[in-house]
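To start, the structure under review is shown below, and the notes come after it.
The values are calculated or read from the model by the stated rules, or taken from the named source; none is laboratory data. Predicted, not measured: the structure shown is a model, and the values here were computed from it. Cβ coordinates were reconstructed from backbone atoms using ideal geometry, including for glycine residues, and neighbour counts include every protein chain displayed. Side chains included, ligands, DNA and RNA excluded: accessible areas come from the protein's heavy atoms. Shrake-Rupley method; radii C 1.70, N 1.55, O 1.52, S 1.80 Å.
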Amino acid sequence: MNNTTIECFLLTAHCRDNGNRFEITLWGASSSGERVRIFIDDFRPLFFCPRSVPASETAAASERKQLSMRSFDGGDVDCLYFANYSLMQQAAKRLKSARHTVFESDVSPMWRYLMERMVSGSMVVTGTPGRFGQFVNFTNPRLRGGAFTPKLEVMAVCVDGVDGEAISKIACVDEAQSHVFADRDERRLLVDFLAYTQERDPDIIIGWKVIDNALKTIRERCEANGVPFEPGREKGSRVTSSQYNRSWRGNDYPRTVWTARIPGRAVIDVPAMLRGYHHSPDEYQPDFSDCLTGARSIFDIFNRAEILQNAIERSKRSGQTLDSAGGSVASFDHLYLPRLHRAGYVAGDTADIVPPSQPLLGGHVLEPAPGLYENVLVFDFKSLYPSIIMTFMIDPLGFRVRDGDRVSNPMGSSFSKNHSLMPEIIRELLAARAVAAEQKNPYLSTAIKLMMNSFAGVMGATGCRFFSEHVSAAITGTGRYILKASIEHIENVCGKKVIYGDTDSIFVNLGAGMEDGADKIGKEISTETGVWLKEYLSEKFGVQSALELKYENHYRRFFIPSLRSGDTNQGTKKHYCGATIDKDGAIELTFRGMESARSDWTDLAKDFQRELFIKFFSGQPLEDYILTTVSLVQKGKFDERLIYKKRMRKSIDSYTVNIPPHVQAAKLSDSPARLIKYCITQSGPQPLEKLTAPLDYQHYIDSQLRPIADSILLWMGTDFDKITSGQQDLFG
Ligand code: DGT
Ligand code: MG
Ligand code: MG
């Protein structure tokens, strides 16, 4: 028997009860290029209960062990082990209904197995290797976390066929080759496709809506043809759906979520990943003109958007599998629970969370002073909430451990210096973000930034077992305090006027004639405020500040619109437009919260907004330009810029009442595409390829031009209607 150690990267993780045993099957890709199956059946599902629970109540456990661990309230706990998962769940349910407290009974045993071994994507496996077909197999090896980055094989799949009918084509594209299956005999086609998948043996199957479209269809057609649906590295592939209610603004919306379980092959949905990395939806559009082109363009987008590299890095940080595009609460558990246990504590069940007594406050947003400014400097704290967590040792355990050595914060709460676990977790993530930034990978940097911020967020979310309104308030409240203190410092000590601020950003107005020295002043303010804040926080709270105020931008012109009500003293929060000018004199506009950012705006609106702001910022009159644009629209000169493009989110038939315009248009189309292109005509919305009625120019003037013009005009004391009603006399 030889004991071998290999490094592996986790591809899939599945578990099940098999009779009176609990089994975990992991698949991974090793550093030497082998594909590895790891089978575990010596891990017992477990949770914890107070030592005070009588033994008679925990008889279902195969073992009850006294641990030197405590719950957050300081009580001693025991660990209950079970033969399988369902016995564990039943026992927890019974204890809860007998009004006993249980701890961590809602943690999946498979994830517990991985997290306690600190496995986040990469793992080090030690054991006796055997064979599983063409693959390496380990049964009950030792596992611990690693730091290895794998080279993985990807195959894109695209299916041609109408829902409920036979598949006419399946296209597969990988790095080395592509193939189209187009047999008239559907059974043959499916058998060939499955055999091909086994032969190409990809680690990852990708597609566009790959689960609820491609794999679901293939599975259904396999069933109809009596072909076993087994595209995995071992048997047990499934495509299943679950229903859940998504609550939004007090209403429940039923949603069906499809999941694919393909042992040994990760399934990654490209559009879900693009959203997860905050790529704009229009940035990457696959070409579905035919099946093979579709698969090729999915493969190409996957590579161009660097989804794999980012998913691997994210998995190494969050512990979630490659297919996961979110999962803040799960990631938090994954990183926090094992550290908590090593510190000698267990956490509660999520269901035992006490909801907050009052709504939680977020960041501070200043009342913006509307108007047109020259030379505005923008400052923003680098990783605000994470740096607050580090500086003030904010942490769920540190809050509850009542020891003497503590750090107090501006909210009046305090955290243990020696029992805070978050600062270390955040420090590692900050370092990873810095590496991503250094490697010029803004998507990964943003993904890590969002993960860190989501950790601050989940401590204020009742769906997280570590929810605490005090912990959450310590973060956001300290954020508000730091923003206000810094603004005061910039105004009173630096002597500069602050015109707006939001959560951790500060907008400073230098005024006309200051363009040349602006960058220098910006750097000075940023350094000076950082130094001052360090001293101030050290003096007041005895902390070592990790806060850094970055100088971000110099806007030559800057505009904050007034409220729609026309009150020119009040500005709209989170709305502004700034103009930077580069070395060659080219103007670049940045819109925040203003219309151009919206996807349902036409090219007309985008062009109009840009032109209008450039004129406005260079001090030119606006009236003529507005009137000319209106009249050119009416004369039909801009018809090709009046097209709306909107994506269908649901099937056409699921809309019955309140049918939105793009769906009305899609209903008129012979073969509606996913991206509906349509115009508003005098007979309502019509798809671009079947425009019959004349365009409704008044609609475009009212809904596209008017709000953009008014965003400036209201502040000037006039409005679009006043200007255009004059037009009737001039041109009418
Ligand atoms: P930065 O400025 O890019 O270095 O990173 P941050 O973390 O300072 O991000 P920023 O300036 O966009 O936002 C300031 C704070 O607001 C941030 O620390 C946490 C909170 N925040 C912003 N966006 C999100 C979000 O999407 N989710 C959550 N939970 N918090 C957010
Ligand atoms: Mg920031
Ligand atoms: Mg910010």
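Each helix, a run of at least 4 DSSP H residues, gives -39500 (n - 2.57); summed and divided by the residues of the chain, these come to -11000 deg cm²/dmol at 222 nm. Compared with the rule-of-thumb size 2.2 N^0.38 Å for a compact globular protein, the range 371-560 has a Cα radius of gyration ratio of 1.10.
What do the square roots of 5 times the Cα gyration tensor eigenvalues come to for the chain, in whole Å, largest first, as semi-axes of the equivalent ellipsoid?
Details: eigenvalues 468, 309, 107 Å².
Here the semi-axes work out to 48, 39, 23 Å.
Please sort 443-456, 400-413, 74-87 by packing, taking for each peptide the average over its residues of neighbouring beta carbons within 10 angstrom, highest first. Don't skip to the end; give the middle numbers.
Details: 443-456: 20.6, 400-413: 15.3, 74-87: 17.8.
Ranking the peptides 443-456, 400-413, 74-87 by packing returns 443-456, 74-87, 400-413.
Using the average count of surrounding beta-carbon atoms within 10 Å as a protection proxy, the listed peptides 688-699, 163-174 rank, highest first, as 163-174, 688-699. Annotation: lysines with alpha-carbon distance below 26 angstrom to K96 (same-chain offsets under eight excluded): K65.
Counting alpha carbon pairs within less than 8 Å and at least 6 residues apart, what relative contact order, in whole percent, applies to the range 371-560?
38 percent
Normalised per residue, the accessible area of the range 601-730 is 52 Å², obtained with a 1.4 Å probe and no contribution from ligands, DNA or RNA.
When only the Cβ of Lys, Arg, Asp and Glu is charged (+1, +1, -1, -1), the dipole of the range 371-560 relative to its Cα centre reaches about 380 debye. Among 645-652, 357-364, sorting by the average number of other beta carbon atoms lying within 10 angstrom of each residue, highest first, gives 645-652, 357-364.
Total lysine pairs in the range 601-730 at Cα distances under 18 Å, for residues eight or more apart or on different chains: 16.
Taking θ as phi - 60° and the Karplus parameters 6.51, -1.76 and 1.60, the scalar couplings of the range 348-354 work out to x, 7, 4, 5, 8, 4, 8 Hz in sequence order, x denoting glycine and proline.
Here the chain has 48 percent of its accessible surface on carbon and sulfur atoms, given a 1.4 Å probe and all protein chains in place.
A Cβ-based charge dipole, computed about the Cα centre of the chain with Lys and Arg at +1 and Asp and Glu at -1, lands at about 1820 debye.
Using the Kirkwood radius over C-alpha pairs as Rh, can you work out the diffusion coefficient of the range 553-695 via Stokes-Einstein at 25 °C, viscosity 0.890 mPa s, in µm² per second?
D = 138 µm²/s.
Listed by chain and number, the lysines placed with their C-alpha closer than 25 angstrom to that of K484 are K382, K449, K496, K497, K520, K523, K534, K540, K550, K573, K574; residues fewer than eight positions away on the same chain are left out. Using the 1.4 Å probe convention, the accessible area of the range 455-500 works out to 31 Å² per residue with neighbouring protein chains retained.
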